[in-house]
Amino acid sequence: MTLLIKNANEVITLKSALQGPRIKEQMREIAVVEKGSVLVAGSQVVAVGAYEQLVIDFPHLVEEAEVIDASGKIVMPGLVDCHTHLVHGGTREQEFNMRLNGSTYMDIMNAGGGIHATTKRTRETSFEALYEKTMHHLDVFLKHGVTTVEAKSGYGLDWETEKKQLEVAKKLQDTHVVDVISTFMGAHAVPRDFKGREDEFVDVIINDMLPKVSALELAEFNDVFCEKGVFTPAQSRRILEAGKALGLTPKIHADEIEPYNGAELAADVGAISAEHLLVASDEGIQNMAEAGTIAVLLPGTAFFLRAPFARGRLMIDEGVPVAISTDFNPGSSPTMSLPFIMNLACMHMGLTLEEVITATTINAAHALNRGHQIGTLEAGKQADVIILDVANYKQLQYFYGMNHTDTVIKKGQVVVR
Ligand code: NIG
Ligand code: FE
């Protein structure tokens with residue numbers, strides 16, 4: 001099947017190489033083709049350019065193509081949400097209300113709420129019910145232009161439930177049009193019954209869970225909540241090194257609530273990304289720049305917890321590649337709107353309009369080890385394409401708080417229109 005998206009006001013193509021010393025310049029080079037068309041064959045992008053040129057270069061493909069008129073609109077790669085806690089039981093609006101009345105996130109967690117509350121609900125929810133609930137969430141992501149989503153486990157904290165979460169994600173990857181990429185996060189919290197025996201739980205993760213995740217091929221990445229009162233940097237390092245030895249790429253929830261040398265650790269263990277980084281140190285940021293660690297920043301979490309925003313502007317200026325994501329989860333960021341999160345990144349982290357596009361497409365793809373496959377509109381890349389009902393890309397953040405998604409094409413198929 002061939003598809004021609006014709007005459008868009010702007011086609012934002014972006015470029016694949018987005019790491020290295022020129023990161024600041026590269027994040028602004030989004031490569032806009034004015035009055036552009038995109039030719040797609042099967043699941044791949046064939047070419048981007050002026051319609052007249054595509055007719056000359058690919059006469060047969062253009063002739064047989066189904067045409068989508070994009071005049072007056074813009075076209076860009078499908079959004080990539082590279083940090084979510086997608087699969088979980090229940091909701092926690094009552095905790096939101098407690099926080100509005102003065103409780104803190106960590107108070108609630110230490111009293112058995114927070115991650116523990118969702119763990120209880122996730123353990124109680126059947127595979128089928130979790131699958132149905134998560135399917136609905138993916139539909140909402142898709143309507144907001146998101147074509148790839150990362151999914152972390154970590155609301156089981158026992159093997160049975162961690163496996164259930166990862167298997168739900170795997171089944172969704174097979175059945176839903178959105179691509180779901182899994183991260184094992186058994187080290188999301190210390191289960192209540194291991195209180196005072198934290199190192200024993202770390203041993204369970206290392207000796208029992210990680211080998212099973214790897215043998216069953218249930219995840220590509222291994223993540224740890226390195227935070228005061230959760231996992232120490234030393235425990236986090238052990239878990240990440242153990243995963244690495246089994247072929248799982250490290251990621252870290254780093255420096256989210258209190259500074260804890262999480263960014264430094266991420267650079268040191270060769271994590272593909274350090275995530276959150278609300279209170280990352282200057283030195284940690286420098287180390288990340290040198291190591292090429294991607295900063296996955298989650299402005300929705302700072303917004304919803306009323307915490308300071310990560311220093312995104314500084315990170316980019318210092319040469320750290322930045323990706324932006326929702327952190328969708330029932331406690332600290334219950335939103336599936338990546339477009340809203342993009343606006344927060346501009347307003348509260350100081351990203352420019354071009355940088356935030358890079359951060360939610362190619363840089364987010366790199367954070368999932370998919371930079372070669374998605375995140376730009378280049379010949380040979382997977383045809384994950386969105387059409388947005390705005391006249392130019394600057395209007396995306398200017399008309400804020402709205403969903404501009406008009407049409408979504410996933411692997412060459414129109415899936416939202
Ligand atoms: O990314 N920091 C830890 N994990 C999540 C929150 C999980 C929850 O509150 O359920 C986060 O913010
Ligand atoms: Fe998170």
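The values are calculated or read from the model by the stated rules, or taken from the named source; none is laboratory data. Note that this is a predicted model, so its numbers are computed, not measured. Here Cβ is always computed from backbone atoms with ideal geometry, including for glycine, and neighbour counts include all displayed protein chains. Please note that ligands, DNA and RNA were not included when accessible areas were found on the heavy atoms of the full protein model with its side chains. Shrake-Rupley method; radii C 1.70, N 1.55, O 1.52, S 1.80 Å.
On the given criteria, is Ser214 of a type in the set (S, T, N, Q), within 16 Å of ligand 2 (Cβ to nearest atom), open to solvent by 10 Å² or more (accessible area, probe 1.4 Å) and in contact (Cβ under 8 Å) with a residue 24 or more places away in the chain? No. In the set Ala266, Ala245, Ala323, only one residue is open to solvent by 10 Å² or more (accessible area, probe 1.4 Å) and either within 16 Å of ligand 1 (Cβ to nearest atom) or modelled with pLDDT of 95 or more (or both); that residue is Ala245. Considered as a group, the residues in segment 64-96 that are polar (S, T, N, Q) and within 24 Å of Gly156 (Cα to Cα) include one that is surrounded by the most Cβ atoms within 10 Å (Cβ to Cβ), and that residue is Thr84. Is it the case that segment 235-250 has a residue that's within 15 Å of ligand 2 (Cβ to nearest atom) and assigned to a helix (DSSP H, G or I)? Among the residues of segment 235-250, at least one is within 15 Å of ligand 2 (Cβ to nearest atom) and assigned to a helix (DSSP H, G or I), which makes the answer yes. Does segment 97-110 hold any residues that are open to solvent by 80 Å² or more (accessible area, probe 1.4 Å) and without any contact (Cβ under 8 Å) to a residue 24 or more places away in the chain, and which are they? If the condition is that a residue be open to solvent by 80 Å² or more (accessible area, probe 1.4 Å) and without any contact (Cβ under 8 Å) to a residue 24 or more places away in the chain, then Asn97, Met98, Leu100, Asn101, Asp107 are the ones that fit. For segment 111-135, taking the residues that are under 17 Å from His188 (Cα atoms) and small (Gly, Ala, Ser), the one that is surrounded by the fewest Cβ atoms within 10 Å (Cβ to Cβ) is identified as Gly112.
In segment 343-364, the condition of being of a type outside the set (D, E, K, R), more than 16 Å from ligand 1 (Cβ to nearest atom), open to solvent by 10 Å² or more (accessible area, probe 1.4 Å) and more than 30 Å from Phe96 (Cα to Cα) is met by at least one residue. Return yes when Leu138 is at negative phi, open to solvent by less than 40 Å² (accessible area, probe 1.4 Å), touching a Lys or Arg at 6+ places or on another chain (Cβ under 9 Å) and not polar (S, T, N, Q) and no when it is not. Criteria not met by Leu138. Looking across segment 326-342, just one residue is within 16 Å of ligand 1 (Cβ to nearest atom), more than 26 Å from Leu248 (Cβ to Cβ) and either in a helix (DSSP H, G or I) or free of Cβ contacts under 8 Å to residues at least 24 places away in the same chain (or both), and that is Ile341.
Residue count for segment 366-417, restricted to those that are farther than 19 Å from Met336 by Cβ, polar (S, T, N, Q) and open to solvent by 60 Å² or more (accessible area, probe 1.4 Å): 3. Scanning segment 277-327 for residues that are under 17 Å from Arg28 (Cα atoms) and of a type in the set (Asp, Glu) yields a total of 2. Only residues that are away from ligand 1 (no atom under 16 Å from the Cβ) and part of a loop (DSSP other than H, G, I, E, B) were counted in segment 278-320, giving 7.
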